[in-house]
Every structure is written in structure tokens, then in C-alpha cells.
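Contents: one structure, followed by commentary.
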Amino acid sequence: MIADHFKSSSPVFPSLDLDRSIEFYTKVFHTTSVVYDGYAVLDSGDFSIHLWKCDDKNIAEKTSCYIYVDNVDELYSKLKPFDVIHPNGDIEDKFFGLRE
């Protein structure tokens with residue numbers, strides 16, 4: 001099967017404020033970053049996230065991906081003090097079988 005060859009993925013997100021995004025990921029997820037020409041690669045060793053400078057608020061606010069984690073409740077409690085949880089984003093079991 002083709003999918004058996006894939007090991008991981010690195011989401012690529014638009015950022016309205018690249019410096020602020022880099023600061024956040026560095027602080028919260030302890031990433032290191034490489035930045036060049038409006039593009040950043042943030043790496044924590046276990047995962048990486050890529051960011052590109054985007055001036056279109058509509059694109060930046062509507063882009064997303066699922067990142068599957070172990071123990072989402074623990075991660076949620078660690079992120080809550082950073083005030084990065086959406087106001088309507090309380091953790092819950094969804095009807096489609098995920099806890100998010």
C-alpha cells in the first residue's frame with residue numbers, strides 16, 4: 001500500500017504575523033526555527049510546522065488541519081494558560097468519534 005511509505009507530515013500554515021507566530025511556537029512548543037524570505041520552518045524534534053507570510057486575513061483564518069496527538073486532555077490543559085484556545089473551543093467528544 002502506498003500509505004505504508006509515509007512516516008509523518010508537516011502542515012504548512014499561512015501567518016498574518018510571522019514574527020508573532022514564530023514567538024508563539026517557540027514559547028509554547030519549544031521549537032527551533034529557520035526563517036527565510038517570508039517562510040519559517042519550526043521544528044521540535046517530534047514534529048515540524050511550516051509557516052508562510054500571508055497578507056490575506058481570510059486565507060489565514062480559514063486554514064486548518066488535524067494534528068493527532070496522544071492524551072489530548074493533557075495537551076489542552078497545558079495550552080489553556082497560553083490563551084490560545086478558541087472561545088468556543090472547549091474540549092469535547094465529537095459525534096464523528098474524535099475528542100477535540
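Miscellaneous remarks
- Distance between modelled label sites at Asp46 and Asp73, nm, 7 Å Cα→Cβ extension: 1.8
- Rule-of-thumb Rg ratio for segment 28-91 [Cα; 2.2 N^0.38 Å; N residues]: 1.28
- The modelled label-to-label distance for the pair Glu100/Tyr36, using points 7 Å beyond Cα in the direction of Cβ, is 3.4 nm.
- Sequence-separation-based contact order of segment 16-56, relative, with Cα cut under 8 Å and 6+ spacing, percent: 37
- Take Lys78: with every protein chain present and a 1.4 Å probe, its accessible area is about 120 Å².
- Accessible area, probe 1.4 Å, largest first, for residues Leu42, Leu16: Leu16, Leu42
- Cα gyration tensor, segment 1-64 - rounded (a/c under 1.5), prolate or oblate: oblate
- Taking θ as phi - 60° and the Karplus parameters 6.51, -1.76 and 1.60, the scalar couplings of segment 55-72 work out to 9, 9, 4, 4, 5, 4, 7, 10, 9, 7, 7, 8, 10, 7, 10, 8, 6, 4 Hz in sequence order, x denoting glycine and proline.
- Surface share of carbon and sulfur [accessible, 1.4 angstrom probe, percent] for the chain: 53
- Part-to-part distance (alpha-carbon centres) for segment 63-100 and segment 1-40, which is given in Å: 18
- Excluding same-chain neighbours fewer than eight residues apart, the lysines reachable from Lys27 by a Cα-Cα span under 19 Å are Lys78, Lys80.
- Candidates per chymotrypsin sites (Phe, Trp or Tyr not before Pro) in the chain, loop by DSSP, up to 12 other Cβ within 10 Å: Phe6, Tyr66, Tyr68, Phe95, Phe96
- Taking the Cα centre of the chain as reference, the dipole from Cβ charges on Lys and Arg (+1) and Asp and Glu (-1) amounts to some 80 debye.
The values are calculated or read from the model by the stated rules, or taken from the named source; none is laboratory data. Keep in mind that what you see is a predicted model, and the values were worked out from it rather than measured. Neighbour counts are summed over all protein chains in view; Cβ atoms, including those assigned to glycine, are modelled from backbone coordinates with ideal geometry. Please note that ligands, DNA and RNA were not included when accessible areas were found on the heavy atoms of the full protein model with its side chains. Shrake-Rupley method; radii C 1.70, N 1.55, O 1.52, S 1.80 Å.
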